[in-house]
Amino acid sequence: MKILAMASLGISILLFFYALYVLVLTGLSLWGRRRAIPRAEPRTWPLVTVQLPIYNEGSVVERLLEAVVALDYPRDRLEIQVLDDSTDETAQLVQRHVALYQSLGYPIELLRRPNRSGYKAGALAYGLQRARGEFIAIFDADFVPPPDFLKRMIPVLLADPSIGAAQARWSHLNADASWITRAQALMLDAHFMVDQVARSAAGLPVNFNGSAGVWRREAVEAAGGWESDTLTEDLDLSYRAQLAGWRMVFVPDVTVPAEVPLTLPAFKRQQFRWAKGTTQTFCKLVGRIWRSRWPWWKRLAAMFHLGGYFTNLLGVLLLLLWGPLLRHSAERPKWTVILGLGLLAIPLMYGLSQQALYPDWPRRLWPIPLLFLVGTGLTLNNTRAILEALLGYRSEFVRTPKGERAMDAGLETDPMGWIEGAFALYALFLAWRAWHHNLDGAVPFLLCYAISYGIVAWHSLIPARPFPALLPTVSSAAPRISLDKAGRRDPFSHS
């Protein structure tokens with residue numbers, strides 16, 4: 001039993017150190033957000049290839065195409081690749097729109113592969129072989145880049161030839177759709193305005209987020225190109241490029257709006273892929289990182305970054321240990337003070353991200369408890385992803401459902417919900433035992449677990465569709481061009 005008590009204390013200390021790491025990043029972000037981003041305006045604009053990887057995303061792809069052809073960039077210096085792997089009606093929709101834009105003189109082409117080998121990474125590599133651009137901009141299907149995106153991002157890369165990639169900040173098209181979208185928007189704001197700002201300013205490893213960024217082609221090729229052996233090909237390439245000597249920068253003053261998953265099940269799928277892919281990248285590159293010439297503090301920061309999802313596994317292990325420890329008064333855990341102090345870092349990080357972005361930031365803090373509950377509730381889902389990665393279990397790259405498909409994701413049941421429900425009851429039982437034995441400090445933590453797993457289990461097992469009335473009206477960044485049923489331009493549409 002003493003071994004279990006020491007293990008519980010050790011896990012709590014590890015979680016506390018991770019919270020300290022978050023506090024360090026938060027402090028660095030306060031310094032970093034005051035730094036100006038150097039830019040060098042070119043005499044002649046370089047050739048840029050815009051890549052649009054698409055897979056069965058017909059509900060949002062039209063909006064993306066409209067925004068991309070509206071980019072304010074010389075047409076003779078621009079190349080647009082639509083990398084469509086779709087197997088549903090999206091393929092015909094994309095084909096009609098690309099043909100229309102070609103007829104209007106836009107430099108756009110449709111590339112379809114014979115199979116979906118390598119998933120998104122394979123599509124990007126396929127397009128890169130045929131690309132002519134010196135720089136490569138990438139947008140997922142649910143993004144709406146503003147017209148001035150390239151003219152604000154390319155000068156960042158031109159200012160320093162050692163910069164291999166520049167990442168813009170994501171904003172949110174549908175943050176007000178529901179409580180789950182508001183919580184996700186808060187999470188992403190903290191990632192960009194705390195994590196990415198701090199890393200970029202301090203010279204720590206920065207990751208390309210898969211969309212709304214621009215790569216220097218030379219950096220992609222020097223790093224070995226796109227590889228599909230992880231589910232986070234963007235994170236993998238980011239680290240390989242930086243290990244090869246290239247820098248990456250975050251550009252917070254350029255924002256690209258995108259959708260967040262509309263339902264908790266869709267968000268759950270996204271987190272599973274991110275957790276598994278990040279762990280796969282950790283396993284793939286950990287040896288290379290420690291053998292690199294990076295200073296020790298940079299290597300340590302990389303471990304915290306790539307190992308961040310391990311906190312989910314630690315949280316689940318801690319809950320499992322509490323059961324036997326609460327039965328023995330001599331070995332009852334005395335970790336609540338340590339863990340409680342560590343958790344103070346989380347709301348501070350979220351609060352400062354809102355303060356940096358929004359004048360009405362105090363009104364935007366209410367989702368913090370909801371995000372904390374959802375994050376705790378997803379620890380089982382993410383632990384499963386981590387274990388699959390550690391065991392080398394390969395799985396298909398499942399893109400995050402977007403638009404109407406995201407709503408459909410809420411109609412499917414997830415058998416994992418039964419396990420989450422069982423853990424909710426287990427945590428509730430432990431909370432009762434802790435209260436019964438006067439361990440009042442443990443009760444809030446255990447109740448948090450019970451409520452969190454209960455929320456996620458409910459949404460996993462009970463099909464539910466978001467209320468359409470809550471969805472905001474979204475206007476695209478470009479004039480809408482309508483097509484008739486034959487794919488011809490509607491003469492009554494506005495251009």
Tally up the residues in region 157-173 that are open to solvent by 10 Å² or more (accessible area, probe 1.4 Å) and not in a strand (DSSP E or B), please. 6
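Could you tell me whether any residue of region 21-37 is more than 30 Å from SER353 (Cα to Cα), not small (Gly, Ala, Ser) and not in a helix (DSSP H, G or I)?
Going residue by residue through region 21-37, those that are more than 30 Å from SER353 (Cα to Cα) are none.
Looking for residues that are more than 30 Å from SER353 (Cα to Cα), not small (Gly, Ala, Ser) and not in a helix (DSSP H, G or I), one finds none in region 21-37, hence no.
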Region 114-131 residues that are under 18 Å from VAL398 (Cα atoms), paired with ones that are open to solvent by 20 Å² or more (accessible area, probe 1.4 Å) and basic (Lys, Arg) (beta carbon under 9 Å, 6 or more apart): TYR119/ARG399; LYS120/ARG399; GLY122/ARG113; GLY122/ARG116; ALA123/ARG113; ALA123/ARG116
ILE154: passes all of (1) touching a helix residue (DSSP H, G or I) at 6+ places or on another chain (Cβ under 9 Å); (2) surrounded by 20 or more Cβ atoms within 10 Å (Cβ to Cβ) but (1)
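Taking region 145-156 as the search range and keeping residues that are of a type outside the set (D, E, K, R) and part of a loop (DSSP other than H, G, I, E, B), which one is farthest from TYR239 (Cα to Cα)? Let's see the steps before the verdict.
Of region 145-156, the ones of a type outside the set (D, E, K, R) are 145-147, 149-150, 153-156.
The next check asks that each one be part of a loop (DSSP other than H, G, I, E, B); those that pass are 145-147.
Working: PRO145: 25, PRO146: 28, PRO147: 29 Å.
This residue is PRO147.
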Within region 208-301, which helices (runs of 4 or more DSSP H) (wholly inside it) include 2 or more residues that are open to solvent by less than 30 Å² (accessible area, probe 1.4 Å), touching a residue at least 40 places away in the same chain (Cβ under 8 Å) and under 30 Å from LEU461 (Cα atoms)? 264-290
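For region 31-47, indicate whether the set of residues that are in contact with a Leu (Cβ under 9 Å, 6 or more places away or on another chain) and crowded, with 21+ Cβ neighbours inside 10 Å is non-empty.
The first filter runs over region 31-47 and keeps only residues in contact with a Leu (Cβ under 9 Å, 6 or more places away or on another chain), leaving 39-42, 45-47.
Restricting the remaining residues to those that are crowded, with 21+ Cβ neighbours inside 10 Å gives none.
No: region 31-47 contains no residue that is in contact with a Leu (Cβ under 9 Å, 6 or more places away or on another chain) and crowded, with 21+ Cβ neighbours inside 10 Å.
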From the residues in region 22-63 that are among the hydroxyl-bearing types (Ser, Thr, Tyr) and within 26 Å of GLY133 (Cα to Cα), which one is modelled with the highest pLDDT? THR49
Which ones in region 49-94 are open to solvent by 30 Å² or more (accessible area, probe 1.4 Å), without any contact (Cβ under 8 Å) to a residue 40 or more places away in the chain and assigned to a helix (DSSP H, G or I)? GLU62, ARG75, ASP76, ARG77, GLN92, LEU93
Quickly run through region 186-207 and pick out the residues that are surrounded by 22 or more Cβ atoms within 10 Å (Cβ to Cβ) and either in a helix (DSSP H, G or I) or at positive phi (or both). LEU186, ASP189, ALA190, PHE192, MET193, VAL194, ASP195, GLN196, VAL197, ALA198, ARG199, SER200
Evaluate region 333-352: report whether one residue or more is modelled with pLDDT under 95, surrounded by 18 or more Cβ atoms within 10 Å (Cβ to Cβ) and not in a helix (DSSP H, G or I). yes
Checked against (1) at pLDDT 90 or above; (2) open to solvent by 20 Å² or more (accessible area, probe 1.4 Å); (3) closer than 24 Å to GLU420 by Cβ, LEU357 satisfies every condition except (3)
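In this structure, does GLN102 turn out to be more than 10 Å from ALA141 (Cβ to Cβ) and out of contact with any strand residue (DSSP E or B) (no Cβ under 7 Å at 6 or more places or on another chain)? Even if it seems obvious, please write down each step before you answer.
Numbers: more than 10 Å from ALA141 (Cβ to Cβ): yes; out of contact with any strand residue (DSSP E or B) (no Cβ under 7 Å at 6 or more places or on another chain): no.
Criteria not met by GLN102.
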Please work out which one of (1) outside any loop (DSSP other than H, G, I, E, B); (2) touching a strand residue (DSSP E or B) at 6+ places or on another chain (Cβ under 8 Å); (3) closer than 18 Å to PHE149 by Cα is the condition PRO46 fails and give its number. (1)
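The values are calculated or read from the model by the stated rules, or taken from the named source; none is laboratory data. Everything quoted here is computed from the prediction, not taken from an experiment. Cβ atoms come from the backbone with ideal geometry, glycine included; neighbour counts cover every protein chain shown. Surface areas here come from the heavy atoms of the whole protein model, side chains and all, with no ligands, DNA or RNA. Shrake-Rupley method; radii C 1.70, N 1.55, O 1.52, S 1.80 Å.
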